[in-house]
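Enquirer: One structure follows; several queries about it will come next.
The values are calculated or read from the model by the stated rules, or taken from the named source; none is laboratory data. What you see is a predicted model, and the numbers here were worked out from it, not measured in a lab. Quick reminder, even Gly has a Cβ in these numbers, built from the backbone with ideal geometry, and neighbours come from all protein chains shown. Just so you know, the surface numbers come from the protein's heavy atoms only, side chains and all, with ligands and any DNA or RNA stripped out. Shrake-Rupley method; radii C 1.70, N 1.55, O 1.52, S 1.80 Å.
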Amino acid sequence: MDFVWIDFTDAAFVQPLLLTLKVASLATAAALVLGVAAAYALSRRSFIGRDFLDAVCTLPMVMPPTVLGYYLLVFIGRKGVIGEWLLETFGIRLMFTWQGAVIAAAVVAFPLVFKSARAALEGVGRQYENAARTLGQGELSVFLRVSFPLAFRGILSGCMLAFARAMGEFGATLMVAGNLPGRTQTLSLAVYSAVQAGNDGLANTLVLVISLVCVIILMTTGKLLQPRF
Amino acid sequence: MRFELDIQKRMRSGKEEFLLRSAFSSSDRALVLFGPSGSGKTLTLQAMAGMLTPDEGVIRINGREVFDSGKGVNVPARQRRVGYLFQDYALFPHLTVEQNIGFGLKPLFGRLNGRGRRRVRELMAVFGLEKLADQKPSTLSGGQQQRAALARALAPEPEALLLDEPFSALDQPLRLRMREELSGILKHFDIPTVMVTHDSDEAESFAETVVVYRDGSVAGMHSTRDAARRGESLSEAIRAEVALAYE
């Protein structure tokens, strides 16, 4: 094996790294907003089909990424339900773009935010929310001033896991965005290409960087989940 | 002040069914809902505050209709203008004492205005909490937590104060002291109060009218005035109720 380190300013390393950070950040942001909203709705309202919705929200965590990728093709592909409409109305193409990679990563990362947020919000005592209501606060205020801050650490840890997962996303991204160097080639796809091309030095560097980031994220998450009050 | 209430609520937990049938009307300013745990007194208090929606009935606080199933009226908790003291105080653990007290006065975005800041300072002075202003509730003693929670409930100037077992989280010696302190504070703020308790001494020392609960319904009502007319004292009436409840 060739353990030679490559130049850190090499475009073959820098481009996938920057793209990955961009894709993973945006995907995490999307997963945060949607995941917390879904978690709050499901933890505070009881309605018929709630368990089914919970299962659907968790599904991307257990389904093969290729299956998710296929679903995404069906929806946002050029001939897809939403994809065709987007293309015709706005001229927006998602397939084989980094925006498509963001959507793939967001779908895969969503359950991690959703699950953590749901657990954290379930853990917020209802008496705090009721106290805020008797103090004249509306529902938005109750959420922003009480529920969210009290569940914040759990939600943040979910976001970090989601970020790690989004960074490592491979299967769905490959199907939706392809593996175009400089355009949609993220770190995990670059590792695959480097190994295929026999470029062990590049593969080693990429793998090390990914591993390091994931370890840091897991350690921070562990710290966040320690009890505080 | 007049509290009028006539409500029904069917609750289910597992296979157990509980029927709350709560009705009373009183123009006294210090009302006690008295009974053993699980008799429906706290549920009644929650219904008054708007945290529990009855299946049917009417609730009026000082002539103001806050709930009427027949007319489809259900004023949300945030508009009922009642202060609520929770059994475990429910101080927001992520906020300081000062922020807790100012919670109901602060807009969602932005800061407390001058009037709000003055009100918070005034309340901290009345409750002797100035030195604890920047501390988190978890560092406070039970008595201090109760004072902070009371100050928080009183800050938005509610029309009535609802107290759910206010002393049950305190040690016995402190309980007696806080009972006296609370009486003084209620006199100071001159606010109509409804208190839930299962302690006959507390009921006696606090009530002008006692509403006795048993198995989800009102089993009797005693007021100081009626007792005096019959040549009895309220404590005798309460003691008789206790004997009935625990026989």
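Enquirer: Once you have the Kirkwood Rh of the range B:3-245 from its Cα pairs, apply Stokes-Einstein at 25 °C and 0.890 mPa s and quote D in µm²/s.
Expert: 130 µm²/s
Enquirer: Right, another one. Taking the Cα centre of the range B:61-203 as the origin and placing charges on Cβ (Lys, Arg +1; Asp, Glu -1), which of B:Q87, B:A125, B:L163 is farthest toward the positive end of the dipole?
Expert: Most positive-ward Cα: B:A125.
Enquirer: Residues with amide H under 5 Å of B:A30's amide H, sequence separation 5 or more or different chain, H placed in the peptide plane at 1.01 Å from N; which?
Expert: B:T193, B:E208, B:T209
Enquirer: May I pose another question? List the accessible area buried at the contact between B and A, summed over both sides and calculated with a 1.4 Å probe, in Å² to the nearest 100.
Expert: Using a 1.4 Å probe, the pair buries roughly 1900 Å².
Enquirer: With +1 assigned to the C-beta of every Lys and Arg and -1 to the C-beta of every Asp and Glu, and no other charges, what is the dipole magnitude of the range A:25-179 about the Cα centre in debye, to the nearest 20?
Expert: 220 debye
Enquirer: From the P(r) of the range B:1-56, can you give the percent of Cα pairs sitting at distances over 12 Å?
Expert: Summing the P(r) of the range B:1-56 above 12 Å gives 69 percent of all pairs.
Enquirer: Another one. List the lysines whose alpha-carbon lies under 24 Å from that of B:K15, not counting same-chain residues fewer than 8 positions away?
Expert: Those lysines meeting the cut-off are B:K41.
Enquirer: Quick check of the Kirkwood formula: for the range A:25-179, what is the inverse mean of 1/r over all pairs of different Cα atoms, in Å?
Expert: Taking the inverse mean of 1/r over all distinct Cα pairs, the range A:25-179 comes out at 16.6 Å.
Enquirer: In addition: In debye to the nearest 20, how big a dipole does the protein assembly as shown give about its Cα centre with +1 on each Lys and Arg Cβ and -1 on each Asp and Glu Cβ?
Expert: Result for the protein assembly as shown is approximately 1040 debye, rounded to the nearest 20.
Enquirer: Where does the protein assembly as shown land on Rg/Rh, using Cα atoms and the Kirkwood Rh?
Expert: 1.13
Enquirer: Apply the Karplus parameterisation 6.51 cos²θ - 1.76 cosθ + 1.60, with θ equal to phi minus 60°, to every residue of the range A:131-139 and state each ³J(HN,Hα) to the nearest whole Hz, in sequence, with x for glycine and proline.
Expert: Once θ is set to phi - 60°, the couplings for the range A:131-139 become 4, 4, 5, 5, 8, x, 8, x, 5 Hz.
Enquirer: Sticking with this one: Along the charge dipole of the protein assembly as shown, Cβ charges K/R +1 and D/E -1, which of A:N199, A:A177, A:V142 sits furthest on the positive end?
Expert: It is A:A177.
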